[in-house]
1. Can you pull out the residues in the stretch 115-131 that are closer than 24 Å to residue 70 by Cα, out of contact with any helix residue (DSSP H, G or I) (no Cβ under 9 Å at 6 or more places or on another chain) and either assigned to a strand (DSSP E or B) or without any contact (Cβ under 8 Å) to a residue 60 or more places away in the chain (or both)?
2. The conditions are (1) in contact with a strand residue (DSSP E or B) (Cβ under 7 Å, 6 or more places away or on another chain); (2) assigned to a loop (DSSP other than H, G, I, E, B); (3) surrounded by fewer than 14 Cβ atoms within 10 Å (Cβ to Cβ), and residue 12 fails exactly one of them. Which is it?
3. So which of 25, 42 ends up being in contact (Cβ under 8 Å) with a residue 12 or more places away in the chain, crowded, with 19+ Cβ neighbours inside 10 Å and in contact with a helix residue (DSSP H, G or I) (Cβ under 7 Å, 6 or more places away or on another chain)?
4. Can you pull out every residue in the stretch 79-105 that is assigned to a loop (DSSP other than H, G, I, E, B), buried (at least 22 other Cβ atoms within 10 Å of the Cβ) and touching a strand residue (DSSP E or B) at 6+ places or on another chain (Cβ under 6 Å)?
5. Identify all residues within the stretch 42-61 that are touching a strand residue (DSSP E or B) at 6+ places or on another chain (Cβ under 7 Å) and within 28 Å of residue 134 (Cβ to Cβ); write none if there are none.
6. Quick test of your reading of the structure: residue 53 fulfils all but one of (1) at pLDDT 95 or above; (2) surrounded by fewer than 22 Cβ atoms within 10 Å (Cβ to Cβ); (3) outside any loop (DSSP other than H, G, I, E, B). Name the failing condition by number.
7. Here is a check on your reading of the model: is residue 112 in a strand (DSSP E or B) and either more than 14 Å from residue 58 (Cα to Cα) or out of contact with any helix residue (DSSP H, G or I) (no Cβ under 9 Å at 6 or more places or on another chain) (or both)?
8. Between 142, 75, 148, which is within 12 Å of residue 44 (Cα to Cα) and part of a strand (DSSP E or B)?
């Protein structure tokens, strides 16, 4: 049985990154996001078919995430060099084009394992998405089969619900009232 992550401190990480500009490399740690919200998402592999639809959709929503004071970080088991090649490949050739966030390289697969999304026998991650609050607490996780992409709209809705600081009923949307505990 998988260990529960939600409501606990997010597993720590340090990874090399390919910046979204397709030029530079960097390094990122969970501590870099202290005081900020973070959407951390895992995808199986670069140069696949469903992954670019998710990654480019998240990148296109970058202004909305920034408005919500939230950073985005993508992770796969590919190298930073493969990430950079994919960013620099045109969209019409199954590339990503420039991104508004970095892609991190989990070559050891330790981060995917710590977050409970590693398919050990295949050596790739499931599609896992995690929202981590400014204090480093993991507040939300969704993990699904690699055949199905995730929803940016639902990620934004859940993020805003978490940021509302209250109790949010099913189908809560920004602007709706929170529930009052009696």
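The values are calculated or read from the model by the stated rules, or taken from the named source; none is laboratory data. Computed from a predicted structure; not experimentally measured. All Cβ positions, glycine included, derive from the backbone under ideal geometry; neighbour counts span all protein chains shown.
1. Residue satisfying the conditions is 130 alone.
2. (1)
3. Selected residue: 42, the only one of 25, 42 that is in contact (Cβ under 8 Å) with a residue 12 or more places away in the chain, crowded, with 19+ Cβ neighbours inside 10 Å and in contact with a helix residue (DSSP H, G or I) (Cβ under 7 Å, 6 or more places away or on another chain).
4. Result: 102, single match.
5. Residues satisfying the conditions are 42, 43, 55, 58.
6. (1)
7. no
8. Values: 142 fails: within 12 Å of residue 44 (Cα to Cα); 148 fails: part of a strand (DSSP E or B).
The conditions single out 75.
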